[in-house]
Every structure is written in structure tokens, then in C-alpha cells.
């Protein structure tokens, strides 16, 4: 009686292996050279594992110009992809038991290649349609389902199918499953670092997806020699489309100039404003969320965004401001304005400013599109704002050295990164200020009502550290508009002394001061902390 341990589990693979030297020269080349180091199934498992993570990371960039990069978008994307992979694992196992043939596996991989390439080419019209849905939960989940569910499901089917083909007997089944699980995970690790550190910094997101599709088509051609011509044709088509996108600038995104950086997808566009002046916009999220920076092309040093004019209040409340820290560079509108307006007769700046911007790509875009120039007044630091604050607060040379701190950092859907809204962040900023120092922070929120949670949480956090906090609704300070979302400038003072009543030194300062919220402001939200700061949850409420 034949031992169960030695009982073949995969007759189809044995038959395929016995004839592997006949026919296809490409397959023969693979077996003779690359096969010395690893098997075809092992390589396929590794590459498909990498493809899953590259698909997810590049996919987030495809969605970003339409849906943003908020926690809701990432949750939808990850959730749908994980659910699709789970369903794929089950379906792949069922299919492998029914027909454990390598040609079936090749067809699954080829279908995943085709669906990934199709995703790259049809994403724009699908996302344009879905962006009309103003509920971010529904729109982001639908986008993830329509674009990423099928390729993720097909890639999920690969792993159990490969294990079934590779399994020779029950006695070594554990080792086989473990080996291929490790290879797939190792591929996913490589795909994560390759996508995050290399591909996104070099290629457009659509191009990356086409390159993934071409790679998967190549794997399919290796797995089934009779279909290698069809797979090679698809591979070449996707490669040429990807190269053409990169070289000839085929539009893969909405109109305007698009730049993929290590941290963002940047969209630079122009349009004529209601006042008849041409303006240039920088956006790092969905267009309907508004622009992060705006300049007038006929006078780049003029402040085009109303809220940015309120940073001048720091000079009113602390006339001795000489050293400024600004968190968030964007288009560098405020630094450029200060360099142009606060210089002596010799055009030398009367202040110095440290600007902290996490994304070097945004700084490069500001130099190219927003007229940012080097100045002795400006020092730029490319790092996370909270990391800078933590490090600077421990530095005796920086601690207590800034006369003013400006904060203007945003992610998606009007939300400030949560770790910059907390009591701990407020304490670090306070530690960096001089005794008469002033903090001016931009918050997008409503004063009261369902859209006001972000402001209330930040106000509570600042009030824990700063003895006096004022609120200036930038767009409309009328009581009738308290539930309307707008830019709200929060001004906090390190000094416990009463504010001096100074006459405005210009009509513009008088206008800004008229926006001060004069009624007592009572926060209805507990202070945000590093342990709990549900910023995006509040930002998404309507």
C-alpha cells in the first residue's frame, strides 16, 4: 500500500515538469538560468506579493486628486483591498482544488495584469464621476471597490493556487505553505519600500500601475508557455503606454500640472478669479477641498488668500517680532510676502524665519511655480513639524527664541494632522516662544454646530497651555454664520499679562481686528491629546 506521505498531490505539475525541456525557448531559458537559484513558482509568489503593495501605494496616489488623502480614503482603500484579497484566497484555493494546472494559474495572473492596466487607464473618468458624490465615506468606498477590488481579488487567488501546485505530499505540506507565505510576504515588504522610496518619487502613479501590469503579464508568460505570445503582447502594450505617459506627457490626471512627490500628489493650476485677476493654485488633495496656496500671477508677493493676511496680527500684538517659526510651507506665500514687505531701505529683511515643510517636492514646486527665491531671512527645514518641535524644544539655543510661531499645516478634508493639534504640541510651541511670544494658527472649522469640533478641540488644547487665546473668523465674523466652515485664525499668547490696548497702525490691521470674536467662547470638546485626537472624525461631519 502506498504511503500517504509519499502520495502525489499534484499530478498536473509532474506532467508539466516532465515536458519542460520541449517547446518554448523562453521557458527553457528561465529553467536553465534563473531556475538554478529559485523555482518559477517561488519567483511568481514573490513578484505577485510585491505587486499587491505597489498597487495599494500607487492606487492611493491615483485617488488623491479626486478624493484626498484623508484617513477615510486610506481606510476605504486598505479595507477594500484586504477584503478582496481574503475573497481571492478562498476562491484561489477552490479553483486550485478543481483544476490544479499551471495554465490556470497563468490565466489568473494574466487577468490580474489586464485589470491593473485597465485600472490605470480608466481611473480618471471613474473618479471624476464619483467625485460628484459629496459623502466622503460613500465616494471613497465606491472608488476602492470599482478600481481595486478586481485586481486585488485576482492577486489574492495566486497564493493558494501556487501552494497547491507546489505541494508534493502531505508530509511536507507545512514547509511548503510556510515557504510560499514567507516569499509572498517578502515580496510585499519589497513592494512597500520600492513603491514608497523609489517608484512614487520617479514615476507618475498611472505609469507605476502600467509597469506593474506589464510585470504581471511577463510572469504569466513564464508560467504557461503556450500563452507567452499573448502575455508578451499585453506586457509590451502596457510598457509602451507607461513609457509614453512619462515621455510624452499623456494626461493621466485632471487638467493642470501634476507632480508626484514622496509625500503628496501636487496639482498646480490657474484660473481667473471673480475679481478678474489671474490666480495660480497649489493643491495636495481633492480639488473640491480647496487650495493650500494661491498667488496672483501679476503680483506674486501679494497675499491672495484672505486668511493669510491675519498673520500680520503677530506684529500688532508683539511689535518686537524679529524671529519667526512657520510650520507648513506650501506655496511659501507668507514668507515671500514678509520678505517683500518687511525689509529696510537697503532691501534687507528685518526678520528671520525658519520654515518647516515636510515635503521637499512642495518646496521645489514653490520655487518653480510660486516664485520662491532664496533669502537671507529664510531657513527651510524638510521634516515633520512635530518632530521639529520636539527636537527644537530640547535645544537650549532654540528654546524661548522665537517671537512668533505661525501654524498652517493641513492634510485632507480640512483636517490638521492630529499630532499637531494636541496639548503636547501646544506645550512644545510655548516652550519655543519668548516671554512675549505669539502663536497664530490657521484652523478650518465652524465656530459652533456639527462642523465645529476641530476648532473646539484645538482651542481646549491651546487653553491648557496658553493663558490667553483669541479667535478671528477670517471670512465672516457675523453671528449668523457661526455654523459655516471657514478659516478661523487662533491667536494665543504666552504672557499672562493683560493685552495692551494699542491703536491699529494701519487701516488693514483695523480691518483684521474687527474680525475678532468678541463673545465668550466656551469649548464643548475635551482638549486633544497625543493619546486621543479624533480630528478627521470631526472634520468630516456635516
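The table below lists the values:
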| item | result |
| --- | --- |
| In range of the label at residue 278: residues from the stretch 363-396 whose backbone nitrogen is under 19 Å from the point 7 Å along Cα→Cβ | 366-372 |
| Extension gain (nm, one decimal) between residue 128 and residue 145, 0.36 nm per residue minus Cα-Cα | 4.6 nm |
| FRET E, pair residue 517, residue 197, Förster distance 45 Å, beta-carbon r, rounded to 0.05 | 0.50 |
| Peptide ranges 435-442, 99-106 listed from the most packed, as the mean C-beta count within 10 angstrom indicates | 435-442, 99-106 |
| Label-to-label distance, nm, for residues given as residue 118 and residue 257 (7 Å Cα→Cβ offset) | 3.6 nm |
| For the stretch 82-240, average projected area of the Cα convex hull in nm² | 10.5 nm² |
| Neighbour-count order for 66, 371, fewest beta carbons within 10 angstrom listed first | 371, 66 |
| Per-residue Cβ neighbour rank within 10 angstrom, fewest leading, 456, 258 | 258, 456 |
| Where labels lie 7 Å past Cα in the beta-carbon direction, separation of residue 306 and residue 387 in nm | 3.7 nm |
| Semi-axis lengths (Å, descending) of the ellipsoid that matches the C-alpha gyration tensor of the stretch 299-539 | 25, 21, 19 |
| Interatomic Cα distance distribution for the stretch 480-542, bins of 5 angstrom, percent | 3, 9, 14, 24, 18, 14, 10, 7, 1 |
| Relative packing of peptides 321-329, 299-307 - highest average C-beta neighbours within 10 Å first | 321-329, 299-307 |
| Contour excess over end-to-end distance, with Cα ends at residue 170 and residue 270 and 0.36 nm allotted per residue | 29.5 nm |
| Scaled radius of gyration (Cα, divided by 2.2 N^0.38 Å) that the stretch 104-180 gives | 1.54 |
| Inter-label distance, nm, simple model (7 Å from Cα along the C-beta direction), residue 189/residue 505 | 5.9 nm |
| Peptide ranges 377-388, 209-220, 506-517 listed from the most packed, as the mean C-beta count within 10 angstrom indicates | 209-220, 377-388, 506-517 |
| Cβ-derived FRET efficiency at R0 25 Å, residue 483 paired with residue 135, nearest 0.05 | 0.85 |
| Value of Rg/Rh across the stretch 303-357 [Cα atoms, Kirkwood radius] | 0.94 |
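Only the coordinates and a few stated rules stand behind these numbers; no lab work does. Keep in mind the model is a prediction, meaning the values are calculated, not measured. Note that each Cβ is placed from the backbone with ideal geometry, even for glycine, and that neighbours are counted across all protein chains shown.
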